[in-house]
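Structure, as structure tokens:
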Amino acid sequence: MRSVLEQDYPNLEYWVIDGKSKDGSLELIKRYSDRLTGWVSEKDKGQADGINKGFERSKGEIVAWLNSDDRYLPGAVRNAVALFEKHPDAAFVYSDVESIDEAGKSFNLMRYGRWKLADLMQFNIIGQPGVFMNCQLLEKVGRLDLNYHYLLDHHLWLRMATLADPVYAQGQVWAQARIHGKAKNVADAEKFGPEAFRLAKWIGSDERFYPQNARYHRKIWAGAYRLNAFYLVDAGSPNKARKLYQQSFKLDPWMALKHWKHWSLAIAGSLGIKNFRAGYDALRKRLYGKKHKDNHGA
């Protein structure tokens with residue numbers, strides 16, 4: 001909450017939506033209530049429903065959401081607004097996102113690219129904390145779909161990108177995503193793959209993606225297999241991940257090879273090489289800490 005409240009943008013509307021949690025969140029919300037536009041604490045139908053409640057109450061031209069584990073870096077809102085001023089017709093603007101651990105220590109930078117609709121169709125995933133949306137286009141596509149629980153954000157980006165191009169803030173980092181054992185992308189890692197396959201089928205049948213869904217059919221499914229494999233590695237299922245990477249390679253070798261690091265983790269795990277993943281993570285964290293100490297690029 002403080003990472004939002006301490007932004008240096010003057011015209012900030014901030015709603016906090018709580019799903020009637022019992023972890024002390026309500027007490028924290030009340031502590032800062034005089035600095036909030038408003039807040040809600042009530043049962044909901046899941047993450048998408050809770051976020052949509054915030055969208056319904058928002059009045060601004062630009063809207064974003066931040067999950068309770070994540071945080072904005074200083075200047076995030078100001079930089080996002082500035083990029084929208086240069087590209088007022090953008091569907092959404094986005095930056096790279098830094099990964100932090102439970103203690104808030106950074107260990108990785110998730111870099112993206114100047115991705116358009118075709119790239120998103122191929123499951124190039126953008127970190128949600130770094131995304132700010134055109135509210136007018138958000139209303140046109142219908143907010144978050146309650147039928148998705150793990151790739152709900154990517155499903156939304158795809159729909160918005162059918163109306164206008166997104167814009168990438170190259171070289172900037174607006175947000176940090178907290179990665180830990182209880183986070184959804186770790187604790188429920190095995191559940192991301194099935195949603196990726198659902199999305200791939202939807203992309204192939206929805207007329208909004210014609211004719212690109214036919215042109216990129218193999219790449220779309222290669223991306224779905226790759227994403228499934230990626231999360232299975234994190235879920236501790238390297239054998240399943242290796243087989244899915246092989247499927248991705250058959251469909252589009254170049255796409256699969258671009259993710260050789262995670263594929264190597266799957267192969268090492270399937271061969272029973274102990275502590276390979278732990279050593280890789282420790283080395284990555286150490287190298288990143290040396291290279292990016294106190295420099296978030298925002």
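A short reminder: the numbers here are calculations on the coordinates, not readings from a lab. All of these numbers come straight from a predicted model, not from anything done at the bench. All Cβ positions, glycine included, derive from the backbone under ideal geometry; neighbour counts span all protein chains shown.
Details
- Charge tally in the Cβ shell below 9 Å around Lys53, where Lys, Arg are +1 and Asp, Glu are -1, Lys53 excluded: -3
- Long pairs among Lys53/Lys258; Lys43/Lys243; Lys116/Lys191, criterion Cα-Cα beyond 32 Å: Lys53/Lys258; Lys43/Lys243
- Charge context of Met255, other residues only, Cβ under 13 angstrom, K/R +1, D/E -1: +3
- Order of Asp49, Asp89, Asp153 under a 10 Å beta carbon neighbour criterion, fewest first: Asp89, Asp49, Asp153
- Basic side chains Lys and Arg get +1 at the Cβ, acidic Asp and Glu get -1 at the Cβ, and with that the dipole of the range 2-185 about its Cα centre reaches some 200 debye.
- When the Cα positions of Ala164, Leu12, Trp65 are compared along the charge dipole of the range 2-185, Trp65 comes out farthest toward the positive end, with charges on each C-beta of Lys, Arg, Asp and Glu.
- Taking amide H positions as modeled 1.01 Å from N, with prolines and chain starts lacking one, the residues under 5 Å from Asp18 and 5 or more places away or on another chain are Val40, Ser41, Glu42.
- Pairwise label distance in nanometres, Trp202 with Ser21, each label 7 Å out on the Cα-Cβ vector: 2.5 nm
- Helix-only CD estimate at 222 nm, as mean residue ellipticity for the chain, using -39500 (n - 2.57) per DSSP H run (n ≥ 4): -13500 deg cm²/dmol
- Summarising the strand pairing of the range 22-176, around 70 percent of its internal DSSP beta bridges are antiparallel.
- Phi to ³J(HN,Hα) by Karplus 6.51 cos²θ - 1.76 cosθ + 1.60 over the range 53-67, Hz, x for Gly, Pro: 4, x, 4, 4, 8, 6, 10, x, 7, 10, 9, 8, 9, 10, 6
- Neighbourhood charge, 11 Å Cβ-Cβ cut-off, centred on Ile125 and excluding it, Lys, Arg +1 and Asp, Glu -1: -1
- For the chain, built as a Gaussian network whose Cα springs stay under 10 Å, the top-fluctuating residue of Ala175, Ala80, Ala187: Ala187
- Fewest-first sequence of Tyr94, Tyr280 by Cβ atoms within 10 Å of each Cβ: Tyr280, Tyr94
- GNM top mover of Leu232, Leu26, Leu244 - the chain, alpha-carbon springs below 10 Å: Leu26
- Each Cα pair under 8 Å and six or more residues apart adds its separation to the average, and for the chain the resulting relative contact order is 18 percent.
- The label-point distance for His87 and His180, in a model that sets each label 7 Å from Cα toward Cβ, rounds to 3.3 nm.
- The Kirkwood radius of the chain, taken over pairs of alpha-carbon atoms, gives through the Stokes-Einstein law at 25 °C and 0.890 mPa s a diffusion coefficient of 121 µm² s⁻¹.
- Inter-part distance where the range 79-130 and the range 167-238 are each reduced to a Cα centre, Å: 14 Å
- In summary, the aspartates and glutamates within cross-link reach of Lys285, defined as a Cα separation below 13 angstrom excluding same-chain residues under 8 places away, comprise Glu98, Asp101.
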